[in-house]
Amino acid sequence: MSRALVTGIGGQDGSYLAELLLERGYTVTGVVRPGAAAYGNIEAVRDRIELIEADLLDQASLAAALEQTRPEEVYNLAAPSFVPASWDQPVTTAEFAAVGATSLLEAIRAVDPSIRFYQASSSEIFGEPRESPQTEDTPLDPVTPYGVAKAYAHFMVNSYRRQYGLFACSGILYNHESPRRPLQFLPRKVAHGAAAISLGQQEELVLGDLDARRDWGYAGDYVRAMWLMLQQDEPRDYIIASGESHSVRELVQCAFAHVGLDWQDYVRVDPGLQRGAAELHHLVGDSARAREQLGWSSELDFDQLAHLLVDADVERLQALATSMERQ
Ligand code: NDP
């Protein structure tokens, strides 16, 4: 039976990855912050995984976690993940997204250099991309504090692979969504808005920039790529993306149409909600390497993803309304 250690297990990706690893027969241990509270995302598998407390900035606590669990694979998903918040917390973002990855790499080197390591890298490392679509060879040019921190970790993975021969991979993942995303993330906000309006629970949805574009995929598909990366003969970095760029307007149109509504009757634009200039980039990824070498492909396309998000919120809101009626 294989053993895996996952940091950030209570997050969106951590929870989908834990489910995938359990399905494949792994013993799964999640690293959580000291004093961490409840984790809704992993409730369904909570009795099948072990949780262990460790501080990403405390290499000794990470080494102790590795000693205790002896994993063959480590997935480093823990980091502040909401890009706009990195402007408010650039130091914390750098500490956990950049230095945290380095302390984990150091702990691995000290405890067991044969451990296979996955680093949650991000399309934000390309910032204002110098080419489109981006590939693994596109130069890094991050512009947000989040992107800069992720670029640091990305380079460290590369550096440890070369210097110490570690089996370490960066998955350069583009935006991926699911019903487990909090409402501050735009696709979830749109899905929740469409669902609530269709149920008569909300009157309008206020958004920032309808022309902003992103390369969106489904989290369940993307965690499969993480696992595949660690099953290869050689460690490499891989772009994981849908390869399609869609505007917020298209997403809104698709989500509202799914519940039989014309979005133009309900969506109001507030320019005050627009993201800063450094976030107005058009990233789109080319995952040819992942498709060819990992045999990876996504199962959900853009429309199916939007429908999945809306359906989940309709279901959630209906269940909530029913339970409130009963009280
Ligand atoms: P989530 O925000 O859902 O999960 C992040 C996890 O990191 C949570 O479990 C959180 O713990 C943990 N975490 C955050 N800050 C700290 C900290 N200071 N110390 C310890 N743990 C911390 O993000 P996702 O699951 O969506 O993303 C997973 C990883 O992939 C992240 O590193 C993210 O940056 C990266 N990524 C995500 C993309 C996406 O579109 N989803 C795209 C590209 C990269 P807690 O539950 O206690 O808050």
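Before moving on, here are some points about what is shown:
- Only one of the numbered conditions (1) away from the ligand (no atom under 15 Å from the Cβ); (2) touching a residue at least 12 places away in the same chain (Cβ under 8 Å); (3) in contact with a helix residue (DSSP H, G or I) (Cβ under 8 Å, 6 or more places away or on another chain) is not met by Ser132, and that is (3).
- For the stretch 18-33, taking the residues that are within 16 Å of Leu230 (Cβ to Cβ) and among the small types (Gly, Ala, Ser), the one that is nearest to the ligand (Cβ to nearest atom) is identified as Ala18.
- Restricting attention to the stretch 34-69 and to residues that are touching a Leu at 6+ places or on another chain (Cβ under 9 Å) and open to solvent by 60 Å² or more (accessible area, probe 1.4 Å), the residue that is farthest from the ligand (Cβ to nearest atom) turns out to be Arg48.
- The residues of the stretch 1-17 that are away from the ligand (no atom under 11 Å from the Cβ) and small (Gly, Ala, Ser), listed by number, are Ser2, Ala4.
- Pairs linking a residue in the stretch 85-105 that is among the β-branched types (Val, Ile, Thr) to a residue that is more than 10 Å from the ligand (Cβ to nearest atom), with Cβ atoms under 6 Å and 6 or more positions apart or on different chains, are Thr93/Pro145; Thr102/Met156.
- Top-ranked residue in the stretch 244-278 [being basic (Lys, Arg) and under 24 Å from Val314 (Cβ atoms); ranked as most open to solvent (accessible area, probe 1.4 Å)]: Arg268
- Here the condition is being part of a helix (DSSP H, G or I) and surrounded by 18 or more Cβ atoms within 10 Å (Cβ to Cβ); of Val99, Val148, it holds for Val148 alone.
- Unmet requirement for Trp296, which otherwise passes all of (1) touching a Lys or Arg at 6+ places or on another chain (Cβ under 8 Å); (2) assigned to a helix (DSSP H, G or I); (3) closer than 30 Å to Glu72 by Cβ: (2)
- Residue count for the stretch 270-293, restricted to those that are at pLDDT below 95 and not in a helix (DSSP H, G or I): 8
- The one condition in (1) among the β-branched types (Val, Ile, Thr); (2) open to solvent by 20 Å² or more (accessible area, probe 1.4 Å); (3) within 16 Å of the ligand (Cβ to nearest atom); (4) out of contact with any helix residue (DSSP H, G or I) (no Cβ under 6 Å at 6 or more places or on another chain) that Val206 fails to fulfil: (3)
- Residues in the stretch 205-238 that are in a loop (DSSP other than H, G, I, E, B) and out of contact with any Gly (no Cβ under 8 Å at 6 or more places or on another chain): Asp209, Leu210, Asp211, Ala212, Trp216, Leu230, Gln231, Gln232, Asp233, Glu234, Pro235, Arg236.
- Residue satisfying condition, being among the hydrophobic types (A, V, I, L, M, F, W, C), modelled with pLDDT of 95 or more and within 13 Å of the ligand (Cβ to nearest atom), within set Ile172, Ile197: Ile172
- Some residue of the stretch 55-69 being farther than 30 Å from Ala312 by Cα and among the hydroxyl-bearing types (Ser, Thr, Tyr): yes
The values are calculated or read from the model by the stated rules, or taken from the named source; none is laboratory data. Not measured: the values here are computed from a predicted model. Glycine also receives a Cβ, built like all others from the backbone with ideal geometry; neighbour counts cover every protein chain displayed. Only protein heavy atoms, including side chains, enter the accessible area calculation; ligands, DNA and RNA are left aside. Shrake-Rupley method; radii C 1.70, N 1.55, O 1.52, S 1.80 Å.
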